[in-house]
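**Student:** This is the structure I have questions about; it appears just below.
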Amino acid sequence: MTKQSEPAFDEVLREDGLFSRAYNGLTHTLGVVLALLLAMMSVLISYQVISRYFFNAPSSLTEELLRYSLIWLGILGSAYCFMLNKHLNLPLLVDALSPRRAGRLNAFNAALTFLFGALLAWGGYHSMIGNALTLTPMLHVAVGTLQSVLLIAGLLICLSQLVVLAMLIRSGQTRVVDVVFVIALITAFIFLASVFREPTLI
């Protein structure tokens, strides 16, 4: 990535302020959790292979635990990438624009990603509430508890994009007016989409 496509984001990781230390601590903790989760999955997969092919006695409990662990690893891993601003992207268009227009495009991307995180958190919260009494067949854990990863990841993505917007404004690559305009544009688009969508049949 070029400096224009990743605007001053690493500054928040190098600063000594209270927010920077809290953000770095949260990111580091999430990285440790993901590493431990991956290590646990490696052990469980080895056990599953041995029990299935050597003893012909596969464990249904291990299989279900691995299934949900993989879901948590993938979703939390995506949030971790957003918090480090290391998610996969192709900055060809951003690099071809002037610094001011590139800043506006980065602000639009951050606002759109923030909206995605908010929707993910909102959907995860309602999934938690709706499935709080449903238990998994082998682990006997509430499905709502397992789906809480959607809420956690959504909130982390929202936090990361607020940091991106703050860094864009702080570095001078975009202005507060541009960010407000982008948010208003996305809000208007969502409103129009909700107005003109086809009515559902009852």
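**Student:** Suppose we filter L155, L119 for residues that are assigned to a helix (DSSP H, G or I), over 20 Å from T27 (Cβ atoms), of a type outside the set (G, A, S) and under 13 Å from the mean Cα position of the chain (by Cα); which single one remains?
**Tutor:** From the options L155, L119, the qualifying one is L119.
**Student:** Considering only residues that are more than 29 Å from L150 (Cβ to Cβ) and either modelled with pLDDT of 85 or more or in contact with an Asp or Glu (Cβ under 9 Å, 6 or more places away or on another chain) (or both), which ones fall in segment 53-102?
**Tutor:** The answer is R100, A102.
**Student:** Related question: Residues that are out of contact with any Ser or Thr (no Cβ under 7 Å at 6 or more places or on another chain) and surrounded by fewer than 15 Cβ atoms within 10 Å (Cβ to Cβ): does segment 146-153 have at least one?
**Tutor:** No, segment 146-153 contains no residue that is out of contact with any Ser or Thr (no Cβ under 7 Å at 6 or more places or on another chain) and surrounded by fewer than 15 Cβ atoms within 10 Å (Cβ to Cβ).
**Student:** To continue, here is another question. Quick check on segment 167-184: of everything there that is in a helix (DSSP H, G or I) and touching a residue at least 60 places away in the same chain (Cβ under 8 Å), which residue is surrounded by the most Cβ atoms within 10 Å (Cβ to Cβ)?
**Tutor:** So, considering only residues that are in a helix (DSSP H, G or I) and touching a residue at least 60 places away in the same chain (Cβ under 8 Å), the one surrounded by the most Cβ atoms within 10 Å (Cβ to Cβ) is L168.
**Student:** Using beta carbons and a limit of 6 Å, which pairs, at least six apart or on different chains, have the first residue in segment 57-82 and over 23 Å from T27 (Cβ atoms) and the second one charged (D, E, K, R) and in a helix (DSSP H, G or I)?
**Tutor:** That search, which allows pairs on different chains as well, returns P58/R52.
**Student:** Please specify each residue of segment 65-111 satisfying the condition of being in a loop (DSSP other than H, G, I, E, B) and surrounded by 18 or more Cβ atoms within 10 Å (Cβ to Cβ). Let's see the steps before the verdict.
**Tutor:** Residues of segment 65-111 in a loop (DSSP other than H, G, I, E, B): 85-91, 97-98.
Within segment 65-111, just N85 meets the criteria.
**Student:** How many residues does segment 2-43 hold that are at pLDDT 90 or above, surrounded by 16 or more Cβ atoms within 10 Å (Cβ to Cβ) and in contact with a Ser or Thr (Cβ under 8 Å, 6 or more places away or on another chain)?
**Tutor:** 2
The values are calculated or read from the model by the stated rules, or taken from the named source; none is laboratory data. Quick caveat: nothing in here was measured; it's all calculated off a predicted structure. Neighbour counts run over all protein chains shown; Cβ positions are idealised from the backbone, glycine included.
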